[in-house]
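First the structure, in the form of structure tokens, and then the observations on it.
The values are calculated or read from the model by the stated rules, or taken from the named source; none is laboratory data. As the structure is a prediction and not an experimental result, all values here were calculated from the model. So basically every Cβ, Gly included, is an ideal-geometry build from the backbone, and we count neighbours across all protein chains shown. In case anyone asks, the SASA skips ligands and DNA or RNA and just uses the protein heavy atoms, side chains included. Shrake-Rupley method; radii C 1.70, N 1.55, O 1.52, S 1.80 Å.
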Amino acid sequence: FQTPRFYTCDCFTTDNIFLEEYKLHVRFVSEQQFRLDYHAVSGYQFLGCVTDEQFEGVLNQISQEVDRRKHLGVTSAQRAAAIKDIYRPLHPHVYHLQESYLASEFKQIVEYCQSDSATEEGLLGLLEEQVAPRVYRFPLFDKSFCEDLMEELKHFEQSAAPKGRPNTMNQYGILLNELGFDEHFITPLREQYLLPLTSLLYPDCGGCCLDSHKAFVVKYDMNEDLDLSYHYDNAEVTLNVSLGKEFTEGNLYFGDMRQVPVSETECSEVEHRVTEGLLHRGQHMHGALPISSGQRWNLIIWMRASQERNKQCPMCNRTPTLVEAEGFADGFTKHSDPPQNISCALT
């Protein structure tokens, strides 16, 4: 099978623009629309944006973010080329996935999922279900691999190579595709090891047909990002792995699915454990509480199923209007694209 071309939805430049100061996601199509939707109502005043100067500051912030998104594909490709040219890895082996990097318990779970007798009920018996519905924890990586990966990421961060931020909510972190992790690490991890799990756990939201991803590392530090506001992911299924270092607090918290009003939601905390992964649905609302000391690094993989998102964009809830982009883009495909060798049933 040929690999399909992936696209983004045109809402990428207009929707879900995060304003850190107000802990709010907004939509911006035009200044007129934005003023009508936000400035003319009490919402902004309630949040503390009460003067014309403050509002102009918000408009300037949005303008910069829209411009960043419009040129993201070009600037990302430029950074990736520059990184390949000037950066010399400290641990080249971490860029290629090997079974020795994986926890023995995780390999046993995957082996079960690949067996002819595998069932969701049987898999649940091997996993630790969290207090939040359908959020699962399991050992994923060997500790020594996490240490090597952390050293590599810190080495890159301290280098002169250009760096892009993961998204509007995480100011500090690393885009793993630009660093060269996609082809030989993240893609085989998704296809060979995670897909067997998600096929059994999340068949109702594309877990059996994950065909692309966005992978990045986020960093929380006492002098940088401390926490992460309540949100949902641009993904069908998300993997969140704690890599290290020493830190206290900073638990994840999960509410309900995004369709459930916040007023009707009770949140549950889930502790991070280094080397272990948390698997959850992308549309499951969640956030991260502030760390109180140290530094925490997490590997995040947003896994996408074009079969699901082609019907409705998960970010704007509309039929997607496709825009050409680089790489996996936002995981949309055209219906005329040839299918990948991915089935919605384990074989």
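The table for this structure:
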{"quantity": "Amide proton proximity set for His213, modelled H, under 5 Å, gap of 5+", "calculated": "Arg304"}
{"quantity": "Accessible surface of segment 1-124 [probe 1.4 Å, protein heavy atoms]: carbon and sulfur percent", "calculated": "51"}
{"quantity": "Nitroxide proxy distance, nm - points 7 Å out along Cα→Cβ at Tyr253 and His184", "calculated": "4.2"}
{"quantity": "Segment 6-333, dipole about Cα centre (Lys/Arg Cβ +1, Asp/Glu Cβ -1), debye to the nearest 20", "calculated": "560"}
{"quantity": "Globularity index of the chain, i.e. its alpha-carbon radius of gyration over 2.2 N^0.38 Å", "calculated": "0.99"}
{"quantity": "Stretchable slack from Glu264 to Glu128, in nm (0.36 nm times residue separation minus alpha-carbon distance)", "calculated": "46.4 nm"}
{"quantity": "Cleavage-rule hits, GluC sites (Glu not before Pro), segment 255-309, DSSP coil, Cβ neighbours within 10 Å at most 10", "calculated": "Glu266"}
{"quantity": "For the chain: accessible area per residue (Å², 1.4 Å)", "calculated": "48"}
{"quantity": "Phi-based couplings in Hz for segment 116-122 (Karplus 6.51, -1.76, 1.60; Gly and Pro marked x)", "calculated": "5, 9, 5, 9, 4, 4, x"}
{"quantity": "Computed [θ] at 222 nm, helices only, for the chain once each DSSP H run of length n ≥ 4 contributes -39500 (n - 2.57)", "calculated": "-7000 deg cm²/dmol"}
